[in-house]
Amino acid sequence: MVILDSPAGVVRPAGPYSHVARVDLGGVALLFLAGQIAAGDDGEVVHAGDMEGQARYIFRVVHGILAAHGGGFEHVAHIRTFVTDLGRLPEYGKVRRELFPEPAPASTTVEVSKLFRAGALLEVEVTAAVPIRAGS
């Protein structure tokens, strides 16, 4: 069974979608997070022009979604990132290295010409495997 969720306490989705699809498999819940951009509740991009600021904002949202399902960054198995300028990858990489020490999750990063919201410099998708604890 798939459970679709947009947890309370995190920014609303920037469109008609859920933040996470959860699939419970025995003792683990697989979490497939929707792509996150640095958009506030009003849908407007925050930290305009600031790759590091957008990355930090996105990962705060990701952390909130994971936490709502009993997880954290230590449960992240894969990160997929879409950036509008690979030349700015070191700025994003700085944030990633702070949040995901070695061994880091599997990762895919691609450059795209633009994202769905003007001013968004990156979009991040996460897949996590969270142990199911009694009552969660």
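Were the residues from V23 through R88 laid out at 0.36 nm apart, the gain over their Cα-Cα distance would be 20.0 nm. Look at T81, T127, T108 and count the other Cβ atoms within 10 Å of each Cβ; fewest to most, that gives T108, T127, T81. For the stretch 2-131, report the translational diffusion coefficient in µm²/s to the nearest whole number, using Stokes-Einstein at 25 °C, 0.890 mPa s, and a Kirkwood Rh over Cα pairs. Taking Rh from Cα pairs, D becomes 166 µm²/s. Subtracting the Cα-Cα distance of I3 and R56 from their residue separation scaled by 0.36 nm leaves 16.4 nm. Rounded to the nearest 0.05, what FRET efficiency do R97 and E125 have when you use their Cβ-Cβ distance and R0 = 25 Å? For R97 and E125, the calculated efficiency is 0.85. Sorting M51, M1 from the fewest to the most surrounding beta carbons within 10 angstrom yields M1, M51.
Every number in this text was worked out from the coordinates using simple rules, so none of it is lab data. Treat the numbers as computed from the prediction; the structure is a model and nothing was measured. For neighbour counting, all protein chains shown are included, and Cβ atoms are generated from backbone atoms with ideal geometry for every residue, glycine included.
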